Number of protein chains: 2
Amino acid sequence: MSEAEYVPPAVWTWDKANGGQFASINRPIAGPTHDKELPVGKHPFQLYSLATPNGQKATILFEELLGAGHAGAEYDAWLINIGQGDQFSSGFVAINPNSKIPALLDRSGPEPIRVFESGAILLHLAEKFGAFIPTEAKGRAECLSWLMWQMGSAPFMGGGFGHFYHYAPFKIEYAIDRYAMETKRLFSVADRRLGEARFLAGDDYSIADIAAYVWLGNLYRGEAYGDAATFLSLHEYANVGRWVAEIDARKAVQRGRMVNRGQGPLDQQLRERHDASDFDLRTQDKLEPAES
Amino acid sequence: MSEAEYVPPAVWTWDKANGGQFASINRPIAGPTHDKELPVGKHPFQLYSLATPNGQKATILFEELLGAGHAGAEYDAWLINIGQGDQFSSGFVAINPNSKIPALLDRSGPEPIRVFESGAILLHLAEKFGAFIPTEAKGRAECLSWLMWQMGSAPFMGGGFGHFYHYAPFKIEYAIDRYAMETKRLFSVADRRLGEARFLAGDDYSIADIAAYVWLGNLYRGEAYGDAATFLSLHEYANVGRWVAEIDARKAVQRGRMVNRGQGPLDQQLRERHDASDFDLRTQDKLEPAES
């Protein structure tokens, strides 16, 4: 191929053949593709998700809330297999019209409330329980700023760098350079902040940390996008490494990262979560690996 | 060039020559490049920004608040020329360590509070004044969900589609296809929502609309990325068009879109804003076009 001579048409049309690894689940049209209701469990919160970084934000916060004694945060976590198009069911779209995980149905009040986008779920739950978000004005503003920073950054790390470096069907130097630079810049931003403060919003661990940790942590540990940690020289960001290690050690984080995981070693996955005791059962036969 | 054979090196290194139109302002390293303090005016809020879509979010909300009678929302808006690297000054980085506009210094309380990321600024101000965000739980969750949807979407529209379709030094078919599809999907999501509700969060205009409008509106009107509106067949999204027209007509929006605009027709720009009367002066000689 010779990209240099490519001239886009006047009007773009959908060529289903040109979508890379995610061609089957990327569409230019919103809305449901099939009718199917979502399951509903016994708890106040119904989470429909998958253990991607964005999915883990929600399950980590639920586990943190339960671990901190907020018994009202009990939740059922249902696995949405995005490779099989579960996110395009009528039931899922009714809760998240954007067809992305995680999606939450909050049934703790007088009427059910839908919440979609991982950042909104974090904020909704933190406010509801008055936890993992600073209460004074300055700390709250700092937490919201870093939370929004993460929401606006992840598309460059995941949809940008991760896609072009690891998932795209061929390597495009310009795109890899573009997103490698931005991903390193984002690590540098976090590293400077974590050199002056223990956590992103200040002295206390907050939803801003949960949001950023799932992305930065996976990359820093070398668990995302092949050898991306080497490619990006992530060992340079020692403050990020200190912070990742501290959050890695939290029991609630370890539990949260397992939920809705349908692949990998059996002792690190829990396809669905309906009770705290489910973590003890995770190696039993009833928990079969998912296909995704 | 023959992209098909490109093999990334084991370790990425910064090649300053390969950055496209924004090479001079894209860096893999955070932090200040030079010492310079920011100017500070007389009002409670000091905004450091530029009339890009993200910058306009903040100025539109300030003008909406003032228009709704919230006199405490008076602000000084200072122009940050990102083409000249103003966002890398020590003063700017102290307010936004991510070196992006808009950045806000809230001096309305006992101690100054920094707020960065357009979504955080919108939420901070809406909460402070109790305006443009629903107060009941369901509406608030809907507003937060759509606000976060926008924050996570813009990088695909701007940094993705806009970059590869319009700004990149050459056209890459795969990248244009990828982001054209996603941009159309996002328009489709908004169009479906605006077919069932007057505004994104429901019956009332909110910060979720302000956040999405600046991006969707510019694209829909054909004012972004050359002939992108034709390329993406944006006329298909009639509900978005109805909503854009309704918001276009708001006087506060018209004022907000002018602020920190340093190019284009003189009667549509206001490089700095320090008083409501500044809008009346905008065609006078003292307002020279910026270089950016």
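The values are calculated or read from the model by the stated rules, or taken from the named source; none is laboratory data. Every value quoted in this text rests on a predicted model; they were computed, and no experiment measured them. Don't worry about glycine lacking a Cβ; one is built from the backbone with ideal geometry, like all the others, and counts go over all protein chains shown. Keep in mind that these areas ignore ligands, DNA and RNA; they rest on the heavy atoms of the full protein, side chains included. Shrake-Rupley method; radii C 1.70, N 1.55, O 1.52, S 1.80 Å.
Structural remarks
- Note that segment A:66-71 has calculated 3J(HN,Hα) couplings of 5, x, 8, x, 7, 4 Hz, one per residue in order, obtained from phi through the Karplus relation 6.51 cos²θ - 1.76 cosθ + 1.60 (θ = phi - 60°); glycine and proline are x.
- Both chains summed, the buried accessible area for B and A stands near 7300 Å², from protein heavy atoms and a 1.4 Å probe.
- When the square roots of the Cα gyration tensor eigenvalues are ordered a ≥ b ≥ c, the ratio a/c for segment A:233-284 is 1.5 or more and a/b exceeds b/c, which makes its shape prolate.
- Taking amide H as placed 1.01 Å from N in the peptide plane, the amide H of B:Gln263 sits under 5 Å from that of B:Ala290, each at least 5 places away or on another chain.
- R0 of 30 Å, Cβ-Cβ distance B:Trp14-B:Lys171: FRET efficiency to nearest 0.05: 0.80
- Whole-Hz Karplus values for segment A:163-178 come out as 5, 6, 7, 10, 9, 4, x, 8, 8, 10, 4, 4, 5, 5, 4, 4 Hz, taken residue by residue from phi with 6.51 cos²θ - 1.76 cosθ + 1.60 and θ = phi - 60°; glycine and proline positions read x.
- For A:Gly72, inter-copy separations between label points set 7 Å beyond Cα along the Cβ vector come to 2.7 nm, shortest first.
- Peptide A:184-196 is shielded by partner chain Cβ atoms: per residue, an average of 4 of them sit within 10 Å of its Cβ.
- Across the protein chains, with a 1.4 Å probe defining accessible surface, the residues A:Asp248, A:Asp106 rank A:Asp248, A:Asp106 from largest area downward.
- Based on Cα atoms of the protein assembly as shown, Rg over Rh with Rh as the Kirkwood radius reads 0.94.
- Across chain B, the fraction of Cα-Cα pairs farther apart than 35 Å, rounded to a whole number, is 19%.
- Whole-number D in µm²/s for segment B:137-255 (Stokes-Einstein; Kirkwood sum over Cα pairs; 20 °C, 1.002 mPa s): 147
- Compactness index (Cα Rg / 2.2 N^0.38 Å), segment A:1-154: 1.26
- Highest-first arrangement of B:76-88, B:47-59, where packing means the average Cβ count within 10 Å: B:47-59, B:76-88
- The value of relative contact order for segment B:202-255, using C-alpha pairs under 8 Å at least six residues apart, is 27 percent.
- Average Cα contact separation per residue, segment A:137-255, under 8 Å, 6 or more apart, as relative contact order %: 28
- Label point at A:Lys251 placed 7 Å out along Cα→Cβ; residues across segment A:39-79 whose backbone nitrogen lies under 19 Å: A:59-75
- Normalising by residue count, segment B:110-169 has a Cα convex hull of 99 Å³ per residue.
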